[in-house]
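These notes concern the structure reproduced below.
The values are calculated or read from the model by the stated rules, or taken from the named source; none is laboratory data. Just so it is clear, the model here is predicted, and its values are computed rather than measured. Note that each Cβ is placed from the backbone with ideal geometry, even for glycine, and that neighbours are counted across all protein chains shown. We work out accessible area using only protein heavy atoms, side chains counted, and drop any ligands, DNA or RNA first. Shrake-Rupley method; radii C 1.70, N 1.55, O 1.52, S 1.80 Å.
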Amino acid sequence: MISIASIDPNTITTYLQTQREFFTTGRTKDVNFRLAQLEKLRTLVTDNKESIIEALKGDLNKPEFESYAMEIGAIKEIDYAIKHIKKWTKPKKTGVPLEFFNYSAKILPEPLGMVLIISPWNYPFQLVISPLVGSIAAGNCTIIKPSELAPHTAKLLAKLIGEYFPPEYIRVVEGGVETSKQLLEQKFDHIFFTGGTGIGKIVMTAAAKHLTPVTLELGGKSPCIVDREINLEHTSKRIIWGKFINAGQTCIAPDYLLVNKKIKSDLINALQQVLQEFYGNNPEVSPDFARIINKHHFHRLTELLKAGRIIVGGKINPEQLYIAPTLIDNISLTDKIMEEEIFGPILPIIEYTDIQEVIEIINSKPKPLALYLFSESKKLQEQVLTNTSSGTGCINDTIIQVAISSLPFGGVGDSGMGNYHGKAGFDTFSHHKSVLYNGFRLDL
Ligand code: NAD
């Protein structure tokens, strides 16, 4: 049963007051304190792997391997922060022009204060923990609003965070849209939102009232281009894995394929073979294939199955919220499936003859969160990367860019603003204060 009742506004105000008071004590500014909290967060994850896997199974029937790789894998972010925090928090000396020789200049990172993290249901654990790492490392207090659509994980997060951290430092507030709206009425020092583009606009509007800076991690239609110059086996494995992990409910999943006409039929054959290899004859009984989050998304997705010609898949089971991994051909750019983010296990395939067509298709749509290109041609790689814009990019692979802590992760345009992971996360949740120092020996 999902609890979506709103909270008494006075209660929320008290939560914030308590955190504000704790922040004012200055304890979170101590780097050793932050380090200890990151260690604690690490213990929270490692000591509770089984409950995390169980909660994710309850919400999405998430396969165990996926839970390890994509959710518990957030530990890598924690380790990276633990390794680098001392360096990140050090004041950075910066040069001054010759005529200011008696001055010195430094950039001092300081915490912003109170952070609100609002997260979605598709990676309901990882998408709370990863931004939390940045917020802790930067020395903030944090309120987390997990997604009500992944209630098992939301409940577990509330329990674990409550056990490992005092509420005046980090608190989970469970609830749905109403609770989220109530939280957004409050003044935070930063709001970190992950979710759909439409809700992102609501969040930004609410934040504007308080001049609160926002990071918006949104979605969109991430194209995947397949040129002729490829290794067919590796390409098809990497596409199938990236598309059908979490049953396609991944913000950076390849949304649609743009395939060179000359290789299209070979690619389709290879994709079918890999599907069989990964999920067997009947993916419905495969332990490696997740379910759709709820009825609403299930029905939305079954509508998208009506376009084009289904090459493989198309089978559904409403009781199980199961949609088979599906490849669709004969899609037109005006079909509904090409207008909205699919966010499910359906992969439309569109052929092209010239890369210029591909660039025009991508540029006619809002800027995507990720762009994938399979091609060994350096010239083509450069041409595509130079002439398109996307939050992230990955050449000859899918999804993996999200796992590299030294690569900032975030969108551009409709796919979001700001970024995080590794140092980018620390920077997002910090204010970089510029300070110029003079002395009294000389007076110019
Ligand atoms: P969503 O936008 O519906 O919900 C996200 C959060 O916002 C939830 O916690 C929800 O309670 C809250 N919310 C919903 N309506 C609200 C409102 N009117 N006012 C205030 N808060 C509200 O997103 P979702 O369905 O949970 O997630 C799917 C979307 O998230 C997809 O578009 C996907 O691409 C995107 N996403 C992006 C990333 C990323 O890293 N960029 C990661 C995962 C998902």
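Data overview
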{"quantity": "Within the range 24-75, tally of residues that are over 29 Å from residue 242 (Cα atoms), open to solvent by less than 30 Å² (accessible area, probe 1.4 Å) and either out of contact with any Phe, Trp or Tyr (no Cβ under 8 Å at 6 or more places or on another chain) or basic (Lys, Arg) (or both)", "calculated": "4"}
{"quantity": "Residue among 78, 117 that alone is within 16 Å of residue 421 (Cα to Cα) and without any contact (Cβ under 8 Å) to a residue 60 or more places away in the chain", "calculated": "78"}
{"quantity": "When residues of the range 188-212 are limited to those that are more than 10 Å from the ligand (Cβ to nearest atom) and in contact (Cβ under 8 Å) with a residue 40 or more places away in the chain, the one most open to solvent (accessible area, probe 1.4 Å)", "calculated": "189"}
{"quantity": "Which listed residue, of 435, 384, is among the β-branched types (Val, Ile, Thr) and part of a helix (DSSP H, G or I)", "calculated": "384"}
{"quantity": "Check on residue 224, of a type outside the set (S, T, N, Q), more than 14 Å from the ligand (Cβ to nearest atom) and modelled with pLDDT of 95 or more", "calculated": "yes"}
{"quantity": "Helices (runs of 4 or more DSSP H) within the range 1-82 that include 3 or more residues over 30 Å from residue 292 (Cβ atoms)", "calculated": "9-24, 31-47"}
{"quantity": "Residue match in the range 122-130 (condition: of a type outside the set (S, T, N, Q), in contact (Cβ under 8 Å) with a residue 40 or more places away in the chain, open to solvent by 10 Å² or more (accessible area, probe 1.4 Å) and more than 16 Å from the ligand (Cβ to nearest atom))", "calculated": "no"}
{"quantity": "Hits in the range 172-186 (condition: more than 11 Å from the ligand (Cβ to nearest atom) and either free of Cβ contacts under 8 Å to residues at least 60 places away in the same chain or not in a loop (DSSP other than H, G, I, E, B) (or both))", "calculated": "172"}
{"quantity": "Any chance residue 324 is at pLDDT 95 or above and open to solvent by less than 30 Å² (accessible area, probe 1.4 Å)", "calculated": "yes"}
{"quantity": "Check on residue 247, away from the ligand (no atom under 11 Å from the Cβ) and either among the basic types (Lys, Arg) or part of a helix (DSSP H, G or I) (or both)", "calculated": "yes"}
{"quantity": "Any hit, the range 285-300, residues being within 13 Å of the ligand (Cβ to nearest atom), within 20 Å of the chain's Cα centre (by Cα), part of a helix (DSSP H, G or I) and not aromatic (Phe, Trp, Tyr)", "calculated": "yes"}
{"quantity": "Test: residue 443 is in contact with a Phe, Trp or Tyr (Cβ under 9 Å, 6 or more places away or on another chain), assigned to a loop (DSSP other than H, G, I, E, B) and among the acidic types (Asp, Glu)", "calculated": "no"}
{"quantity": "Any hit, the range 14-28, residues being free of Cβ contacts under 8 Å to residues at least 12 places away in the same chain, of a type in the set (A, V, I, L, M, F, W, C) and farther than 30 Å from residue 199 by Cα", "calculated": "no"}
{"quantity": "Extreme residue, least open to solvent (accessible area, probe 1.4 Å), among residues of the range 341-379 that are within 23 Å of the chain's Cα centre (by Cα) and among the basic types (Lys, Arg)", "calculated": "365"}
